[in-house]
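Below are the structure tokens for one structure; questions will follow.
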Amino acid sequence: MPFVPPMTMMEFFSKSEGVWFTQRTVHHFDTVPDQSGESKLYVGAIALDDPRVKAICESQGIDPASAKGGASFMWQEHDDDQEPNLDRVAVLIDVPDDQTGRSGKLLRNQGYVEKIPVVSRYWFGQDGILTIDTEYETNQGQERCWFMTDDFRVRVSTVRMMNGVYLMTYCSERRYLTEANLAEMVQHNLSRATV
């Protein structure tokens, strides 16, 4: 069966649910040396009746009835075995432009570059690539993300500062497999072998 990429933000959030192993490279276009690292990304979809949907919409002056739901994102260092730090949680709410859900606004309780509430614009290309543009108070950011398979995705982001310094990040993300995932995969492959 061919892979079908998500084409709406809620499909994207649903396909992103789980824990991801992220390998990233950050290239600075100034005197700061390049960086690389590994982390874990925890993603959970948020239903429309979650109180965070209403709270974030109202804080941005958006009618909560126009939202479709959202997702929470938590980051953690790869080798950190503690519970994720709730101070690093970002909540995104999907407010699509129309019924197709292919473009719209993302309301965030805190941005990635600047830790302030922010509204981003998003759209999905025909190829399934998600593009998110964000205007912060002193920065501009663009992120592009796409799934290669259900369990592997790529993110590329750029940040332009007011002083002209650019930053580019490349991330490859692989879904963590749980014991239940592995057992399901074994059963699936065993059933294919007997057909």
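Taking the highest mean first, how do the peptides 94-103, 161-170 order by number of other beta carbon atoms within 10 angstrom per residue?
The densest-packed peptide leads the list: 94-103, 161-170.
I've got another one for you. Below 8 Å, C-alpha to C-alpha, sequence gap of six or more: please give me the relative contact order for the chain in percent.
19 percent
Within 10 Å, count the other beta carbons around each residue, average over each peptide in 30-43, 144-157, 10-23, and list them highest first.
Most protected by this proxy first, the peptides run 10-23, 144-157, 30-43.
Another question, then. If 27, 188 are ordered by their accessible area, calculated over protein heavy atoms with a 1.4 Å probe, which sequence runs from highest to lowest?
Sorted by accessible area, descending: 188, 27.
Hey, what's the Cα Rg ratio for segment 147-193 versus the globular rule of thumb, 2.2 N^0.38 Å?
1.94
In debye, nearest 20, what is the charge dipole magnitude of the chain about its Cα centre with +1 on Lys and Arg Cβ and -1 on Asp and Glu Cβ, if you could check?
Once rounded to the nearest 20, the dipole reads 420 debye.
For the modelled label position 7 Å from the Cα of residue 178 along Cα-to-Cβ, which residues of segment 13-27 have backbone nitrogen atoms closer than 16 Å?
Residues 14-21 qualify, since their backbone N sits under 16 Å from the label point.
Restricting things to alpha carbons, tell me how big the chain is in terms of Rg and Dmax, in Å.
Gyration radius and largest Cα-Cα distance of the chain: 17.8, 63 Å.
Same structure, new question: Helix-only estimate, please: 222 nm mean residue ellipticity of the chain, summing -39500 (n - 2.57) across DSSP H runs of length 4 or more and dividing by its residues, to the nearest 500.
Using -39500 (n - 2.57) per qualifying helix, the result is -5000 deg cm²/dmol.
Run the reach check for residue 15 against aspartates and glutamates, Cα to Cα strictly under 18 Å, same-chain hits fewer than 8 apart removed. What comes back?
The qualifying aspartates and glutamates are 94, 127, 143, 150, 151, 173, 184.
Dipole size in debye (nearest 20) for segment 107-195 around its Cα centre, Lys and Arg Cβ +1, Asp and Glu Cβ -1?
The dipole magnitude comes to about 80 debye.
Extending each Cα 7 Å along its Cβ direction at residue 156 and residue 191, get the distance between those two points in nm, one decimal.
In this crude label model, residue 156 to residue 191 measures out at 3.8 nm.
Another question, if that's okay. What is the ratio of the Cα radius of gyration of segment 1-105 to 2.2 N^0.38 Å, where N is its residue count, to two decimals?
My calculation over the Cα atoms of segment 1-105 gives 1.28.
Subtract the Cα-Cα distance of residue 77 and residue 54 from 0.36 nm times their separation in residues, and report this length gain in nm to one decimal.
Full extension of this stretch gives 5.2 nm more.
Now for a separate question. In segment 128-159, which residues have a backbone nitrogen under 15 Å from the label point lying 7 Å from residue 23's Cα in the Cα-to-Cβ direction?
152-155
The values are calculated or read from the model by the stated rules, or taken from the named source; none is laboratory data. Please read all numbers here as calculations on a predicted model, not as lab measurements. In this analysis, Cβ positions are derived from the backbone assuming ideal geometry, glycine residues included, and neighbour counts consider all displayed protein chains. Side chains are part of the model used for accessible areas, which takes the heavy atoms of the whole protein and leaves out ligands, DNA and RNA. Shrake-Rupley method; radii C 1.70, N 1.55, O 1.52, S 1.80 Å.
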